[in-house]
Amino acid sequence: MSPARNFLRLLMVALALTAIAAGCSEKRTRIVFLTNGSDPFWDACRSGLEEGAKKYELEKAGYTVSMEVNNGKPQGQIDKLRQFASQGDVAAVAISVIQADNAAIIEEMKNLQAKGIKIITVDGDVNREKFPDARPYYIGTDNIVGGRVLGTAGKAILESRGKTEGGYVQFAGFTDNDNARNRMNGFKEAVGEAFTEKDRMPDGMDKSKARDNVRNAIANHTDLVALVGIWAYNAPAIAQVVTETNSRDKYTVVTFDAQAVAIEEMAKGNIDAMVVQNPFDMGVQTVRLLKAMLTDDQATIKEMFPSAGQPNGDIYTTGLRVVAPDGETPLKPELFDTKTVEFMKLSEFREWLAKYKLTSS
Amino acid sequence: MSPPSTSPQSRLPLRFNELALLAAIVVVVIITAAVDSNHSYLRQPYTSFRDIARNVALLGIFALGAGVVIIAGGIDLSAGSMIAFSGTVCASTMMLLAPETMINMRPVGPLVAFCGIAAAILSGFLVGTLHAWLITAVRLPPFVATLATLVGLRSFARALCGYVTAKTLGGSGNTEINVYDPYFSFIRDHIWYVYVPVFVALAAFTYLLLGSTVLGRHIYALGGNEEAARLSGIRTDRVKWFAYCFSAVTASIAGVFYVADQSVASPVNQGVGYELNAIAAAVVGGCSLQGGIGTVPGIIFGVVFLRVVIDSVAKLIKSGSDIYEGMIVGIVVVLAVTFGQIRQIRASGRQLFPGMLGVIAIPTLALSIGIITAMTTANVTYLKGLDVWIGLGVALVVLLTLASVKLTQVSSKP
C-alpha cells in the first residue's frame, strides 16, 4: 500500500474519532470566566469562583467553572470568545471587557448569545448606551461611584495638607476601558475643579511602562499634587517611583485595589488611601447568577436584580472598601456613604484578607 | 565581515555609523533640553540621566545577546518570552524553596534568592541549547526555531506559575508570583550598583569576546559566510551553540531584573514584544541582518539612541505621548539605518529615488512627515496654534529637499 493511501486512511480515522469526540461533548457544562489580563486581582476572583461553586453546589447541577486569563489585549479576548463559540461544552461566559466600545468584542458576545450561551459582564462592562443588548447583566463595582469615593478621599487628604489647588495625573492600563474611564471620571468629579487633571496615562498593562509613566508625569508636570492609580498594579508602580525619586512628601497617592505589594507599600507609608473592590465576591456572585440563568432560577435572578427593566436595574454592585493607613489619617468613615462603602484601617483590612486566605483584593 | 583589525576604519576608535549615532544622540538630547517646556534635562539632570540609564541597562543587556546572534548570522525572536520565562523560573524556585516566606512577603534570605537567580540563568542556558539543537541538528531555520519558543516559552511560563502556586498555595494556582524580597528591592532601588554595572560588565565581556578572541572571529566568520567558515575548519555548530546560549542567558538576566523592577513575576505580560526592541537596537547600531557585521559600541549606541528618543517623545509631548511614541521611534529607526548606509548607497552609484517609484515616494514621505509634525507640534506648549503651518512648512522643505536629491541623481547619471 502506498504511503499516500496510508496517510489518507489515517486521516479518515482521525476525522471519524474527532467527529465522535465532538458528538460526545455536545452537552454544555462549562462556565468560563474570561479576564481582561493578568493580575492578582483575578486570583482573588478565582478563589471567589471556587467558593461560589461550593456554596451554590455547581457540580450537583452538572456544571463546572474555570478562569481563562486574557493576554491584556483586545485581540486576545476576541480570539478566546471565538474559541468558546466553537467549543461545544461552554454553557456560559462571564467576561471583564477590556474595551467598552470595542465592536468586535461586542459582536463575539452577541454571537455567543445567538448560540444559546449565557453571557454576563463582570468588573469591566460594555458601553451600555451604545450596546444595550450585548449582555443582560453586569456584576461588579459601580466604577463611577468608586471613582467618586477615591476622589473624596483624595480631596480630604489634600486639604488636610493645606493643598487647595494643583494638578494630578491618573494612571491605568487602558484609558478607554469602561471601568478605568468611569473611575477617572468619578475621581475628577469628586476631587473638584480646583484641582486640574493634567493627563490620563495608559500603559497597556506593561508594568515597566507603568513605572516610566509615573516618572514622566513627575518630570513633565511641575505643579502636581496627587498621583492616582486606577488599576491594581499602578499602586505599587506609583509608590515605588515616589520612593525612588525621594518625592513622597510632594504627592498625595491614592489608588484602586489592594495588591499584596500595594498593601506593604501602604504599611511603609507610601500610599495614602486605597479604594478596594471585592473581586472575591464578584467570583461568588458570578457563579450564583450564571447557575440561576442556566437552570432558569428566576427567584435568584429577581433577588439579585430586583429593579430589572428599570434604568441601571441590570447592575449588581459588589461592595467597596476605603482602606486608610494605621495611625493618623484625615479619612473618617463619615466622609463616605456607609450604605456602599465600608471604612477600614490597614490592620483591619489585613485581618479580613487573612480570614478568607487572600493576599490581595 | 567586520573583525576590527581587518578594516582601515578600525584605526579610528569609532566607525562612521557609530559616530553618526553618537551625533544623533547628542542632537536629540540638545533638542529635548531646549524644547521641553520644563527643561527637565537641565533642571533635573541626575534624575533624567538615571531614568534613561535604567532603561538603557535593562534593554542593553539582552540587546547585546540579540546583537551577537545577528552577527553570527542568526536571529533570536524569543527574548521577550525568555524574559517572562526566566522571571517565572526565578520566582517559582523561590516559591518552592520558601513558600511561607514568599506568601507572607517576608525576606527569603540570600541562599533562596541566589538559587532563584541561578535557576533563571540556568534556564537561559537550557533554552539557548534547545535553540542551537533545533537549528543545528534538526536543521530548523533560526526564525522558525525561535518563533516556536517565542510562543511556547510564555505559555510554559504561565503553566509553571499556575502549577507552582497551586502546589504551594492550594486552589487552582495564580497568574503571578509577588517577589518582595529586600535583595530584589535593592536591585530595583540602586541601579548604579546592579543594573548598570551588570550591563557595563556584559558589554565589556562581549567587546573583548568579539574583538580579541578566536571565538569572536569565528562568530564574524560564521555570520559572513557559513559555508566558507565550515570549510575553513570552524566548528560552526559550537559557535551557534554559544551565540544562542549567550542570547538566552542575557535575556534571562534581564528577566530577573524585570522581576526586581516590577516586584512580580508576571508571565502573561512581562516582556511582551521586547525582542523587537532588542533587534531594532542592534540593527540601528549597525548590525546587519545578513550576519557578519556589527560591533558592541554600535549596539550600545543603538540602545541609547532608542531610549533617548522614547524619553524625548515623553518629555516633549507631555500628554498622550504614547500615541506618538511608536510612530516616531519607527521613523528614527528607518532614518538611522538609512543614514548609516548613505555611504554605501553613494559608493554603489545606486539612486535613492529611482524612476516612478521615487517620484511617488517623495510626496508620500513629505506628506507623512508634514502630518506627523503638525500632530506632534499641536501638543508642544510653546508651539500651540502653529501646528498646521509648521506641518505645511516641514512638508514643503522635505518635498523640495528630496526633489533636489532626485534631480541631482538624475542629472549626474552617466
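Read-outs throughout are calculated quantities, based only on the coordinates presented, and are distinct from any laboratory measurement. This is a predicted model, so every value here is computed, not measured. Using ideal geometry, Cβ is built from the backbone for each residue, glycine included, and neighbour counts are taken over all protein chains shown.
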**Study point:** Cα centroid separation - the stretch B:336-374 against the stretch A:174-233, whole Å
**Key:** 40 Å
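Which loop GluC sites (Glu not before Pro) in the stretch A:89-196, with loop taken from DSSP, have no more than 14 other Cβ atoms within 10 angstrom of their Cβ? Before the final figure, lay out each step's value.
Numbers: sites: A:GLU107, A:GLU108, A:GLU129, A:GLU159, A:GLU165, A:GLU189, A:GLU193; in loops: A:GLU129, A:GLU165, A:GLU193.
Sparse-neighbourhood loop GluC sites (Glu not before Pro): A:GLU129, A:GLU165, A:GLU193.
Write out the chymotrypsin sites (Phe, Trp or Tyr not before Pro) in the stretch B:196-242 meeting two conditions: DSSP loop, and at most 12 other Cβ atoms within 10 Å of their Cβ.
Taking the stretch B:196-242 and a limit of 12 other Cβ atoms within 10 Å, no loop chymotrypsin sites (Phe, Trp or Tyr not before Pro) are found.
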Review point. Which cross-chain or sequence-distant (5 or more) residues have an amide H under 5 Å from the amide H of A:THR196, H modelled 1.01 Å from N in plane?
Key: A:GLY166, A:GLY167, A:TYR168
Point to revise | Neighbour net charge for A:LEU224 - beta-carbon separation under 14 angstrom, K R +1, D E -1 | key: +3
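Would you mind getting me the FRET efficiency between A:GLU159 and B:PHE339? Use the beta-carbon distance for r and R0 = 51 Å, nearest 0.05. Please report the intermediate quantities before stating the final value.
On the way: r = 54 Å, r/R0 = 1.07.
Calculated transfer efficiency: 0.40.
Take the alpha carbon gyration tensor of the stretch B:143-274, find the square roots of its eigenvalues, order them as a ≥ b ≥ c, and report rounded if a/c is under 1.5; if not, report prolate when a/b exceeds b/c, else oblate. All intermediate terms of the calculation are to be shown ahead of the outcome.
Numbers: a/c = 3.60, a/b = 1.65, b/c = 2.18.
Because a/c hits 1.5 or more and a/b fails to exceed b/c, the stretch B:143-274 counts as oblate.
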Review point. Which residue, B:ILE293, B:ILE177, B:ILE328, has the most motion in a Gaussian network model of chain B that connects Cα atoms within less than 10 Å?
Key: B:ILE328
Practice item. Go ahead and run the numbers for FRET between B:ASN225 and B:ARG350, Cβ-Cβ distance against an R0 of 30 Å, rounding to 0.05. Key: 0.85
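Exposure proxy check: B:MET356, A:MET67 ranked by fewest other beta carbons within 10 Å?
Numbers: B:MET356 8, A:MET67 20.
Final ranking by Cβ density, sparse to dense: B:MET356, A:MET67.
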Check your understanding: Please identify the trypsin sites (Lys or Arg not before Pro) of the stretch B:118-201 that satisfy two criteria: DSSP loop assignment and at most 14 other Cβ atoms within 10 Å. Which are they?
Key -> B:ARG139
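Could you calculate the contour length gain from A:ARG5 to A:THR329, that is, 0.36 nm times the residue separation minus the distance between their Cα atoms, to one decimal place in nm? Mind dumping the intermediate values first?
Working: separation 324, 0.36 × 324 = 116.64 nm, distance 7.93 nm.
Here the answer is 108.7 nm.
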Check your understanding: Can you put B:VAL68, B:VAL151, A:VAL225 in order, fewest other beta carbons within 10 Å first?
Key -> B:VAL151, A:VAL225, B:VAL68
Revision key, fill the gap. Rounded to the nearest 10, the angle in degrees between the Cα long axis of helix A:40-55 and the longest principal axis of the Cα atoms of chain A comes to 60 degrees
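Quote the relative contact order of the stretch B:15-122 in percent (integer), defining contacts as alpha-carbon pairs under 8 Å separated by 6+ residues. Could you put the intermediate results ahead of the total?
Working: 49 pairs, mean separation 17.4, N = 108.
Relative contact order comes out at 16 percent.
Using a cut-off of 15 Å between beta-carbons, work out the net charge of the residues near A:GLY140 (Lys and Arg +1, Asp and Glu -1, A:GLY140 not included).
Details: positive: A:ARG128, A:ARG135, A:ARG181, A:ARG183, A:ARG288, A:ARG321; negative: A:ASP39, A:ASP123, A:ASP125, A:ASP142, A:ASP178, A:ASP257, A:ASP281, A:ASP314.
Spelling it out: positives minus negatives among the neighbours equals -2.
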**Study point:** HN-Hα J in Hz across the stretch A:343-356 - Karplus 6.51, -1.76, 1.60, θ = phi - 60°, x for Gly and Pro
**Key:** 8, 9, 7, 4, 5, 5, 5, 5, 5, 4, 4, 4, 4, 9
Check your understanding: Which whole DSSP H helices in chain B pass both tests: a Cα extent of 24 Å or more along the axis and a mean Kyte-Doolittle value no lower than 0.0?
Key -> B:16-35, B:45-71, B:79-97, B:110-136, B:142-169, B:195-212, B:236-262, B:296-316, B:321-340, B:355-377, B:387-411
Check your understanding: With each label point set 7 Å from Cα along the Cα-Cβ vector, what nm distance links B:GLN44 and B:LEU96?
Key -> 4.3 nm
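Let's test the formula: R0 of 45 Å, r as the Cβ-Cβ distance of B:LEU383 and A:THR300. What FRET efficiency results, to the nearest 0.05?
Working: r = 60 Å, r/R0 = 1.34.
My answer for the efficiency is 0.15.
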Exercise for review: Express in nm, to one decimal, how much length is gained between A:GLU189 and A:SER247 on full extension, taking 0.36 nm for each residue of separation and deducting their alpha carbon distance.
Suggested key: 18.3 nm
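In peptide B:307-320, what is the residue-averaged number of other protein chain Cβ atoms found within 10 Å of each Cβ? Write out the running numbers ahead of the final one.
Working: counts 0, 0, 0, 1, 4, 0, 1, 8, 3, 1, 1, 7, 9, 5.
The per-residue average across the peptide is 3.
Determine the gain in length on full extension of the stretch B:ALA159-B:SER412; use 0.36 nm per residue of separation and subtract their C-alpha separation, reporting nm with one decimal.
Gain on stretching B:ALA159 to B:SER412: 84.8 nm.
By count of other Cβ within 10 Å, fewest leading, how are B:HIS218, B:HIS190 ordered?
Numbers: B:HIS218 21, B:HIS190 12.
Ordered from fewest to most neighbouring Cβ atoms within 10 Å, B:HIS218, B:HIS190 come out as B:HIS190, B:HIS218.
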